[in-house]
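Since every read-out is calculated from the coordinates, none of them should be taken as a lab result. All of these numbers come straight from a predicted model, not from anything done at the bench. Cβ coordinates were reconstructed from backbone atoms using ideal geometry, including for glycine residues, and neighbour counts include every protein chain displayed.
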Amino acid sequence: MKTRGILMVVAMLIVGAWFHARLAAQEQIDQKMVSAIKDEGLRRSEVATLFHRLTDVIGARLTGSPAHVEAARWALDQFKTWGLANPQLEPFEFGRGWSLEKLTVEMSAPRYMPLIGYAEAWSAPTSRMLTGTPLYVGDSTIDEIDRLGTRLRGAIVLTHRPQTDFLRADRMQPSEGTGPVQTGNPPLPSPSSAAPTADILAHLRTQGAGVALRPGAMEHGTVRVQGERTTPDGSVPSVILAAEHYNMLVRLVQNKVPVQLRVEVGARFHADTNSYNVLAEIPGIDPAKRDEVVLIGAHLDSWHTATGATDNADGAAATMEAMRILAALKVRPRRTIRVALWGGEEQGLLGARAYVNQHVKDETARNRIAVYLNDDPGSGKTYGYYMQQNAAAKAIFDAWLEPLRDVGVRRNVIEGINATDHVPFDEVGVPGFTTIKDFRNYDTRTRHTNADLADAVTDDDLKQSAVVLASIAWHAAMRDQPIPRRASSGAR
């Protein structure tokens, strides 16, 4: 019986592989269009200009900040310049915006030393430039913190123990090998303290502390800093320090060396509670299919410490360039090809969710979206797509990758990945897939950190990603049949 069971499994695998190969073999490939896309995208590319405008000129694009609005309006102007149809900023409710206008974090005694640190997004500003010896409470209970009383008023407080646990490995490279892959973000170690962080901050607020300093969990001066848009008014200003600098301060205090710090957070809140998605399209021409949409997108927003180069200016620039390529070729797709640059991805996929809630309300609307193609996690070239357990779609995408082998694609994987903008589409039964990119130095160095700068991305990789996206979008727009829905998918 055991041998019979093994033989049945093997037979099922063989049949599945045969069915997959047959689907791929039947797929029509437009070699002429692929060649034209490569020629335009590799020889006359504008993607480097787009990318460096987003990173070096506009910089960090925190949702709700003036910089994000500037980026959205600039992208809209680009779409208009390229002659795309229906260019628009589509608002969604986000909440108050925030921007950092000044930050000072430095040690003045026992010697002068600038410290590497960044205010958390939506941190309150400090009341003034704070100076003084920091108080260390990482080993203190809440009662012990409260007993500090008036010493906490206006104080610079070291809230946690020295950081000794670090994120030291990037996630696996899913495009390498041939077997199953493990997907998802690696966990970031939390700072340690004798009392829960939320309780510490609440009691510091009650006692009127001036600013809270805590360590990051990265190494070598890299600082990952995010923030919470629902931070209540009156909260203690919050700054994350590079672990090495934070640990040095704690050692100095514990050894009773007279330390003096200067800290000032100059933050501004913005009253406009809307954020924006940027939309435009190339209309379809087939009367039977032009109301169906091939949607391509990436998130335009970033965190605020660097310039959001790998997360996600590279994806946004490549997505814009894919549309420019198709527009330059004056394509006439059967289905409409629509581009979306999302806001609020870093705060919970908010822009994509707002789009789904507004435009994908029922089965008819779901069926109008043929596929959503997203460009986000990782950096570098596009190697393939996460196929969200959709085996039938994977066979089609496998065929579409073949004419792109010469530009460095590798494979699609059947596994899915969460925490990016294809997820809201996948959740309601729309085929939604995101790119497989490179993870070297992504988790341990650039993602959400002060090192997410333009030098981490090459122009050649941007060109390749745009070419791959344009080619896949074109084939999806021209296919006779829609992309198959996953068997178990549906509105949930």
Could you state, as a whole-number percent, how many of the C-alpha pairs of region 368-435 are farther apart than 17 Å? 38
State log₁₀ I(q)/I(0) for region 102-268 at q = 0.16 Å⁻¹ as given by the Debye formula over alpha-carbon point scatterers of equal weight, solvent excluded. -0.90
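Work out how much length Ser190 to Thr81 would gain on full extension: take 0.36 nm times their residue separation and subtract the Cα-Cα distance, in nm to one decimal.
On the way: separation 109, 0.36 × 109 = 39.24 nm, distance 4.63 nm.
Using 0.36 nm per residue and subtracting the Cα-Cα distance, I get 34.6 nm.
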Give me Rg over Rh for the chain, both radii from the alpha carbons and Rh done the Kirkwood way, two decimal places. 1.04
Two-site label geometry, Gln26 and Asn367: point separation in nm, points 7 Å out along Cα→Cβ: 2.0
Relative frequency of Cα-Cα separations exceeding 19 Å in region 80-180, percent: 71
Under a 5 Å amide H to amide H cut-off, with H placed in plane at 1.01 Å, what residues pair with Ser302 once short-range neighbours are removed? Arg61, Leu62, Thr63
The chain: antiparallel bridges as % of DSSP beta bridges, rounded to 5, reads 60
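At a Förster radius of 51 Å, what calculated FRET efficiency corresponds to the Cβ-Cβ distance of Val257 and Ile285, to the nearest 0.05?
Calculated transfer efficiency: 0.10.
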Extending each Cα 7 Å along its Cβ direction at Arg153 and Ala198, get the distance between those two points in nm, one decimal. 2.9
For Gly227, which sequence-distant residues (separation of 5 or more, or a different chain) have an amide H within less than 5 Å of its own amide H, given hydrogens modelled in the peptide plane? Ala121
Taking H as built 1.01 Å from N, whose amide H comes closer than 5 Å to the amide H of Thr434, not counting residues under 5 places away? Asn374, Tyr386
Relative to the longest principal Cα axis of the chain, at what angle does helix 31-43 sit, 0 to 90 degrees, rounded to 10? 30
Order 326-337, 225-236 from most to least packed using the mean count of other Cβ atoms within 10 Å. 326-337, 225-236
Rounded to the nearest 10, the angle in degrees between the Cα long axis of helix 2-26 and the longest principal axis of the Cα atoms of the chain comes to 70
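Could you calculate the FRET efficiency of Asp455 with Thr273 from 1/(1 + (r/R0)^6), where r is the beta carbon distance between them and R0 is 41 Å, rounded to 0.05? Could the numbers behind the result be given before it?
Working: r = 35 Å, r/R0 = 0.85.
Efficiency at R0 = 41 Å is approximately 0.70.
List Lys361, Lys437, Lys256 from most exposed to least, where exposure is judged by having the fewest other Cβ atoms within 10 Å.
Values: Lys361 12, Lys437 25, Lys256 7.
Taking fewest neighbouring Cβ atoms as first place, the list is Lys256, Lys361, Lys437.
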With x for Gly and Pro, the residue-by-residue ³J(HN,Hα) of region 159-173, computed from phi through the Karplus equation 6.51 cos²θ - 1.76 cosθ + 1.60 at θ = phi - 60° and given in whole Hz, is 8, 10, 5, x, 8, 10, 10, 10, 7, 10, 9, 6, 5, 5, 8
